[in-house]
Amino acid sequence: MPGGRYHILTRTALLLALTLLFQSLRLIIPLPVLMSTFLIGTLVNACLLIAAETIGLRAALFISVMAPVVAYMQQLLPLPIFILPVLAGNAVYVVLFLAIFRWRRWLAILTAGVGKTAVLYGFFSWMLTWIAVPGPMAAGLLFVMSWPQLGTAIAGGFLAGMIVRRVGSKI
């Protein structure tokens with residue numbers, strides 16, 4: 001039965017697996033940090049919006065939670081407390097996209113990207129005022145959580161749109 005519980009579970013598992021696979025690319029392919037951020041961030045953001053659009057909010061939020069948890073286990077996030085801002089940024093991205101999507105896709109992508117970037121940068125800026133992180137690491141974190149997030153969010157949104165249009169409900 002299309003759209004049934006097992007169908008949704010299977011789609012969620014598939015998109016979660018793809019998200020985690022894409023996220024793991026930085027462990028396999030040695031790329032400069034900025035290039036890695038753009039490539040992997042775009043792919044992960046595309047998975048989040050594909051999940052939101054084709055499966056729904058709950059599935060997309062589940063993937064939004066799991067991605068930073070696994071990123072911490074892969075030692076891509078230096079402290080476990082940093083799971084929270086990444087989770088919050090992903091959740092804002094998905095929720096804003098779905099809230100505006102019915103009017104204009106491009107506006108939903110742009111708004112969701114700005115929201116995600118603002119949450120990530122604001123949350124990390126605030127956290128780094130009370131968590132002792134070495135200066136160069138703190139500067140690097142703040143940089144990665146600034147405009148590169150907006151770029152990957154927008155690119156991921158447009159990639160998701162192309163994939164959903166091409167594949168449609170077969171996802």
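Where a number appears in this text, it was derived from the coordinates with a stated rule and is not lab data. None of the values given here were measured: they were computed from a predicted structure. Methodologically, a virtual Cβ is constructed for each residue, glycine included, from the backbone with ideal geometry; neighbour enumeration extends over all protein chains shown.
Worth pointing out:
- Highest mean packing first, where packing is the average number of other Cβ atoms within 10 Å per residue, the peptides 138-147, 80-89 line up as 80-89, 138-147.
- Here's the picture: charge each Lys and Arg Cβ at +1 and each Asp and Glu Cβ at -1 in the chain, and of Ile163, Ile29, Ala138 the one pushed furthest to the positive end of that dipole is Ile163.
- Note on segment 5-170: Kirkwood hydrodynamic radius from all Cα pairs is 15.8 Å, rounded to one decimal.
- For the pair segment 47-63 / segment 90-154, the C-alpha centres are spaced 18 Å from each other.
- Among Ala132, Ala51, Ala153, residue whose mean-square fluctuation peaks in a GNM of the chain (springs only between Cα atoms under 10 Å): Ala132
- Computed 3J(HN,Hα) for segment 45-62, one whole-Hz value per residue from the Karplus formula 6.51 cos²θ - 1.76 cosθ + 1.60 where θ = phi - 60°, is 4, 4, 4, 4, 6, 5, 4, 4, 6, 9, 10, x, 4, 4, 5, 5, 5, 4, glycine and proline marked x.
- Degrees between helix 135-144 axis and first principal axis of the chain (Cα, 0 to 90, nearest 10): 20
- Using the Karplus relation 6.51 cos²θ - 1.76 cosθ + 1.60 with θ = phi - 60°, the per-residue 3J(HN,Hα) values for segment 27-39 come to 7, 9, 9, x, 10, x, 3, 5, 5, 4, 4, 5, 5 Hz, with x marking Gly and Pro.
- Here is how the number arises for the chain: DSSP H runs of 4 or more residues each give -39500 (n - 2.57), the sum is divided by the residue count, and the result at 222 nm is -28000 deg cm²/dmol.
- Three-way shape call for segment 53-126 based on the alpha-carbon gyration tensor, with the a/c threshold at 1.5: oblate
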